[in-house]
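Right, one structure below, let's go through it.
The values are calculated or read from the model by the stated rules, or taken from the named source; none is laboratory data. Quantities reported herein were computed from a predicted structural model and do not represent experimental measurements. Neighbour counts run over all protein chains shown; Cβ positions are idealised from the backbone, glycine included. These accessible areas exclude ligands, DNA and RNA; they are computed on the full protein's heavy atoms, side chains included. Shrake-Rupley method; radii C 1.70, N 1.55, O 1.52, S 1.80 Å.
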Amino acid sequence: MTLIHTMIAGLGLASAASLAATAQAQDFETGGKLLLTRGISTIEGSGGGGLSSWALITGNETERGIGGTAHATQVELEDFRFQSAGFAIGIHDRFELSWTRQRFDTQDAGAALGLGQGFTFEQDVIGAKIRLFGDAVYDQDSWVPQVALGVQHKSNNQGAIVRAVGAADDSGYDVYLAATKLLLEHSLLLNATLRWTEANQTGLLGYGGLNDHSLQGEFSAGYMLSRRFIIGAEYRFKPDNLGFAGEDDWVDLFAAYAVNQHLTVTAAWVDLGSIATFDDQRGFYLSLQAGF
Amino acid sequence: MSFNSILIAGLTSIAFTVSAHAAQPPHAMPGELEVDPYEVSNANAGAEPITDPAVLAAFNGEAGIARIVDGLIAGIQADERIEGVFRASDWPRLRRTLIEQFCYILGGPCDYTGRSMASVHVDHGVTTAEFNALVENLQDAMDAEGVPFAMQNRFLARLAPMHGDVVTR
Ligand code: HEM
């Protein structure tokens, strides 16, 4: 068992133990978070922004209950189509477990790359996150953010091809430390995340290659226009491990709207830079998240 | 104990209570229930006042604050998530102390004469979900008064840390 499996199993066990304790103490309680404070679902399935994982725990539950979310996201790029869909549960606003499947459709570019028209990479991401300390919402009298530690285990279904383009492996893991703070006085939400990763294009092009794991930063800022509406931007630094194609940092400008406590719709303009030698992959991102 | 001694004990304690109140104001106004004595201080409000006068202006001053508290109370009474917690409440006192507290925190010319957030909420077993429900009612009341969202948040930023004192369950 690798370190990552141990960490995910450990977090899973801690969540289960915490659930069992609740089940004994009282009935499960659901709901209770303020609108938007569960975040949305990233393309990797974790609670966060759209591209960057945050310290917020998914689901509407408070420290007394359980919650969950399901998401579906589509990104239409110049030459590619990306999709992700998955589920996540939040336990006691402390633990988060998630499963997500990603599809990366190379469309016409697949033919140009010699992979075949519409060649599609798929990847599963299993994530676990634990909130370590701080409260992004209530601790308005201190600068201390809400801090969480997360892991994501990813496995790609195109091992032969990702190795052929120079990746060392078809599965890998990310570990991240995220700090989220709501500066309520300024209606501002800030996040900074440090990710230890060897994933090429989040793993869709495999793991490692010229380099092994490296630390990458992710930064997000949002301005709340109302209880249901937040606009903002994200910047995600990326590694560049493949010889055959350069990899760029990712940027997005987003607007998220909480229709009610169960449904959040997020639209964004994204610039994912160069992917598999195809430059200027900009496009439109749309994500629906349902939750309880 | 004979009936007479009970009667005498009762009368003495009433006399004692009345004289104690004459010596030290009970901070319970006419029409309010009596509360155990406590030390009156603005520190009981649980937050420092906002000094920027633009915020008080956005709340339409003391008159606006009174309307917001009335809206909050109406919202609480109609909200099935939390109205049960307030069934035994002394509404005239709650209204008066909330207006004082909001006015004080918003930088208005008011003193807060109520009890501290920890002492007044300790026995109510309030949860985070109930805390948030009250926040939503307050947001509705501020919306109804036309307070801009960014100004609402400047006030809510002062109330948010009270979560630690209010939520006990
Ligand atoms: C930041 C949020 C809150 C503030 C600023 C606040 C403020 C106050 C004030 C000023 C009083 C009266 C103090 C006095 O009588 O001396 C009070 C009493 C009370 N509060 Fe809160 N409160 C908050 C949250 C809550 C919540 C979330 C609940 C429950 C859902 C709650 C339930 C009560 C109850 C039951 C009383 C006692 C009323 C009575 O016995 O007459 N409070 N609160």
Check your understanding: Given the conditions (1) at the interface with another protein chain (Cβ under 10 Å from one of its Cβ atoms); (2) open to solvent by 30 Å² or more (accessible area, probe 1.4 Å); (3) of a type in the set (S, T, N, Q), which single one is not true for B:Q152?
Key -> (2)
Revision key, fill the gap. Within the stretch B:77-104, residues being surrounded by fewer than 14 Cβ atoms within 10 Å (Cβ to Cβ) and acidic (D, E) number 1
Practice item. Any residue in the stretch A:217-237 that's over 17 Å from A:W250 (Cα atoms): show its pairings with residues that are β-branched (V, I, T) and assigned to a strand (DSSP E or B) at Cβ separation under 9 Å, as long as the two are six or more apart or on different chains. Key: A:Y223/A:I230; A:Y223/A:I231; A:M224/A:I230; A:M224/A:I231; A:L225/A:I231; A:R228/A:T264
Check your understanding: Here are some conditions: (1) within 11 Å of another protein chain (Cβ to nearest Cβ); (2) open to solvent by 20 Å² or more (accessible area, probe 1.4 Å); (3) near the ligand (Cβ under 9 Å from one of its atoms). B:V166 meets all but one. Which one does it not meet?
Key -> (2)
Exercise for review: Would you mention how many residues in the stretch A:32-86 are more than 14 Å from chain B (Cβ to nearest Cβ) and either touching a residue at least 40 places away in the same chain (Cβ under 8 Å) or surrounded by 23 or more Cβ atoms within 10 Å (Cβ to Cβ) (or both)?
Suggested key: 35
**Study point:** Residues being within 14 Å of chain A (Cβ to nearest Cβ) and either polar (S, T, N, Q) or more than 14 Å from the ligand (Cβ to nearest atom) (or both) - total across the stretch B:51-101
**Key:** 5
Check your understanding: Out of the residues in the stretch B:105-121 that are within 10 Å of the ligand (Cβ to nearest atom) and away from chain A (no Cβ under 14 Å), which is surrounded by the fewest Cβ atoms within 10 Å (Cβ to Cβ)?
Key -> B:S119
Review point. Based on what the data block shows, is B:T127 open to solvent by 20 Å² or more (accessible area, probe 1.4 Å), in contact with a strand residue (DSSP E or B) (Cβ under 9 Å, 6 or more places away or on another chain), within 11 Å of the ligand (Cβ to nearest atom) and more than 16 Å from B:P49 (Cα to Cα)?
Key: no
Check your understanding: So which residues in the stretch A:197-250 are assigned to a strand (DSSP E or B), more than 14 Å from every other protein chain (Cβ to nearest Cβ) and surrounded by 17 or more Cβ atoms within 10 Å (Cβ to Cβ)?
Key -> A:T197, A:A199, A:Y207, A:Q216, A:E218, A:S220, A:G232, A:E234, A:R236, A:W250
Practice item. Answer yes or no as to whether A:F254 is buried (at least 18 other Cβ atoms within 10 Å of the Cβ) and part of a strand (DSSP E or B). Key: yes
**Study point:** Boolean, A:D174 is modelled with pLDDT of 95 or more, of a type outside the set (A, V, I, L, M, F, W, C) and surrounded by 24 or more Cβ atoms within 10 Å (Cβ to Cβ)
**Key:** yes
Check your understanding: Out of the stretch B:123-149, which residues are within 7 Å of another protein chain (Cβ to nearest Cβ) and more than 15 Å from the chain's Cα centre (by Cα)?
Key -> B:T127, B:T128, B:A129, B:N132, B:Q139, B:F149
